[in-house]
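The values are calculated or read from the model by the stated rules, or taken from the named source; none is laboratory data. Values in this document were obtained by computation on a predicted structure and should not be read as measured data. Because the Cβ atoms are built from the backbone with ideal geometry, glycine has one as well, and the counts that use them run over all protein chains shown.
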Amino acid sequence: LSLSLCSFVLHGNSFVFLAFQVFSIIKKEKHRQTYGLELIASENFASRAVLEALGSCMNNKYSEGYPGQRYYGGTEHVDELERLCQKRALEAFGLNSEKWGVNAQPYSGSPANFAVYTAVVEPHGRIMGLDLPDGGHLTHGFMTEKKKISATSIFFESMPYKVPFLCTLQENARLFHPKLIIAGSLICYSRNLDYARLKQIANENGAYLMGDMAHISGLVAAGLVPSPFDHCDIVTTTTHKTLRGCRAGLIFYRKGVRSVDAKGKEMLYNLESLINQAVFPGLQGGPHNHAIAGVAVALKQAMTPEFKAYQLQVLANCKALSSSLMDLGYKIVTGGSDNHLILLDLRNKGTDGGRAEKVLEACAIACNKNTCPGDKSALRPSGLRFGSPALTSRGMVEEDLKKVAHFIHRGIELTLEVQRSLEPRATLKEFVQALAQGEKFQQRVSEVRAEVEAFAGQFPMPGLPEL
């Protein structure tokens, strides 16, 4: 190659020329997102401003360490950015900087959670988190009778608790003596948590209370659901769900007085140094400065009146979807929703989440199978989880979500029809084959998909116009 051609290949700005295969895949994914219905509760559409910050030259800079204490030169602007992100994070959630601090470097929510455990729980120390079928997250210490699934359950001793039975949590905590109790993350639990009661139980056992608000952080910022900051010692979150930012994580920690001993001496929090050390150099290297830039933009947007109006619509849309599905004869775990998601229990319909998910996906409706309380195996979960944030970001309102409920109903009806054509013990693989090879089934899929795509295509997709 000539020097000029090498220069063009390395430095040219034609994305289509240099990466036509990647560009083609991105265009196909954009078409799917534009003409499909995104109902996965953990997904959302980031704004154009967030994506532009994410794609900026901040991607190029390495900056191990913290503002004012870096291991690289040329970090004056990176320091300014990270401090701004921290300031906005505290402001967005109405926090006093003398009582709260925040680490903006976690790469996402799972690393943020593990950093907290590393900071405040010794190796093989004890953690109590919400059980996975009840709305907890894998990182809260999930394991089965035969296998430790999450790294949390490998490096720490974990005991799950159930949401409706906080009295049982209180009894078990007295026996287990956890160092940390986790409140959240509500990945499939559609009601508000009793943070005050959880804090009482934590105090009785000398444990820290950590709130995982990954799913509800946007609703918390808007002041529409109970805030974990009122009672928790530590709060973690992702930034790409209801907060509508890019993929990253935040860890908030209390500062100042933790308690007063019997002699009246104040006992202070020392979480800042422990958490910062756990994030870097404990678990991560250099922070992703382009992601911190995107988060800083999202946090600014979260402080606007428009953001609160958006979150109000998220709640209204979720209630509309929930009530419409119940009117169609479906059972919602907990009987409704206080937040952005619902969990459909399909056991009364005689099917499961895995099969229904496959049919809905074929109909251009993206959701996810999910365990329900009482499920014996995560391999054949009974539930389907739906969330309203992404469709709300596209401008849909209550009447639109009622139409979405009927699309879902038609997909589940087709699921039952395919299932009836097979032996009762047919596998998921056999079910998918029957769906794909049955001419009658494919005709029904095509009909529903065409209607879904025509409906979804009416609503704009936020983000970059081409990508």
Might you let me know whether region 181-197 holds any residue that is polar (S, T, N, Q), under 24 Å from residue 156 (Cα atoms) and assigned to a loop (DSSP other than H, G, I, E, B)? yes
Looking at (1) out of contact with any helix residue (DSSP H, G or I) (no Cβ under 6 Å at 6 or more places or on another chain); (2) at pLDDT below 95; (3) surrounded by fewer than 23 Cβ atoms within 10 Å (Cβ to Cβ), which one does residue 95 not meet, given that it meets all the others? (2)
I'm trying to understand the selection: among the residues of region 162-219, which are β-branched (Val, Ile, Thr) and either at pLDDT 90 or above or over 28 Å from residue 239 (Cβ atoms) (or both)? 168, 181, 182, 201, 216
How many residues are under 25 Å from the mean Cα position of the chain (by Cα) and either part of a loop (DSSP other than H, G, I, E, B) or more than 17 Å from residue 405 (Cα to Cα) (or both) when one looks only at region 441-464? 6
So which of 272, 306, 266 is within 27 Å of residue 78 (Cβ to Cβ), more than 20 Å from the chain's Cα centre (by Cα) and surrounded by fewer than 18 Cβ atoms within 10 Å (Cβ to Cβ)? 272
Tally of residues being touching a helix residue (DSSP H, G or I) at 6+ places or on another chain (Cβ under 6 Å), closer than 29 Å to residue 350 by Cα and touching a residue at least 60 places away in the same chain (Cβ under 8 Å) across region 306-333: 7
Looking only at region 229-245, which residues are surrounded by 24 or more Cβ atoms within 10 Å (Cβ to Cβ) and either charged (D, E, K, R) or closer than 30 Å to residue 48 by Cβ (or both)? 235, 236, 237, 238, 239, 240, 241, 242, 243, 244, 245
Kindly check whether there is at least one residue in region 212-222 that is of a type in the set (S, T, N, Q), outside any loop (DSSP other than H, G, I, E, B) and surrounded by fewer than 20 Cβ atoms within 10 Å (Cβ to Cβ). no
Can you tell me which of 329, 294, 286, 354 is of a type in the set (Gly, Ala, Ser), touching a Lys or Arg at 6+ places or on another chain (Cβ under 6 Å) and modelled with pLDDT of 95 or more? 354
Against the definition (within 27 Å of residue 186 (Cα to Cα) and assigned to a loop (DSSP other than H, G, I, E, B)), how does residue 426 come out, yes or no? no
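Results for (1) in contact with a Cys (Cβ under 9 Å, 6 or more places away or on another chain); (2) outside any loop (DSSP other than H, G, I, E, B); (3) farther than 22 Å from residue 182 by Cβ; (4) assigned by TED's automatic domain parsing to the domain that holds residue 333, shown as yes or no for each residue.
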site	(1), (2), (3), (4)
50	yes, yes, yes, no
62	no, no, yes, no
77	no, yes, yes, no
86	no, yes, yes, no
95	no, no, no, no
98	no, no, yes, no
101	no, yes, no, no
129	no, yes, no, no
145	no, no, no, no
Matching residues, region 420-453, being in contact with a Phe, Trp or Tyr (Cβ under 7 Å, 6 or more places away or on another chain) and touching a residue at least 60 places away in the same chain (Cβ under 8 Å): 435, 448, 452, 453
Looking at region 340-373 only, could you name the residues that are of a type in the set (S, T, N, Q), within 21 Å of residue 161 (Cα to Cα) and out of contact with any strand residue (DSSP E or B) (no Cβ under 6 Å at 6 or more places or on another chain)? 371
Can you tell me which of 404, 397, 432 is of a type in the set (A, V, I, L, M, F, W, C) and surrounded by 19 or more Cβ atoms within 10 Å (Cβ to Cβ)? 404
Of the residues in region 103-122 that are outside any helix (DSSP H, G or I) and more than 22 Å from residue 242 (Cα to Cα), the one that is farthest from the chain's Cα centre (by Cα) is 122
Working carefully through the options 245, 218, 223, find the one that is in contact (Cβ under 8 Å) with a residue 12 or more places away in the chain, over 18 Å from the mean Cα position of the chain (by Cα) and within 23 Å of residue 104 (Cα to Cα). 223
I'd like to check something: does region 402-421 contain any residue that is of a type in the set (Val, Ile, Thr), out of contact with any strand residue (DSSP E or B) (no Cβ under 6 Å at 6 or more places or on another chain) and in a loop (DSSP other than H, G, I, E, B)? no
Taking interchain pairs and intrachain pairs at least six residues apart, which have beta carbon atoms under 7 angstrom, with the first residue in region 139-163 and without any contact (Cβ under 8 Å) to a residue 12 or more places away in the chain and the second assigned to a loop (DSSP other than H, G, I, E, B) and not small (Gly, Ala, Ser)? 149/142
Of the residues 51, 81, which single one is out of contact with any helix residue (DSSP H, G or I) (no Cβ under 7 Å at 6 or more places or on another chain), surrounded by 18 or more Cβ atoms within 10 Å (Cβ to Cβ), modelled with pLDDT of 95 or more and not β-branched (Val, Ile, Thr)? 51
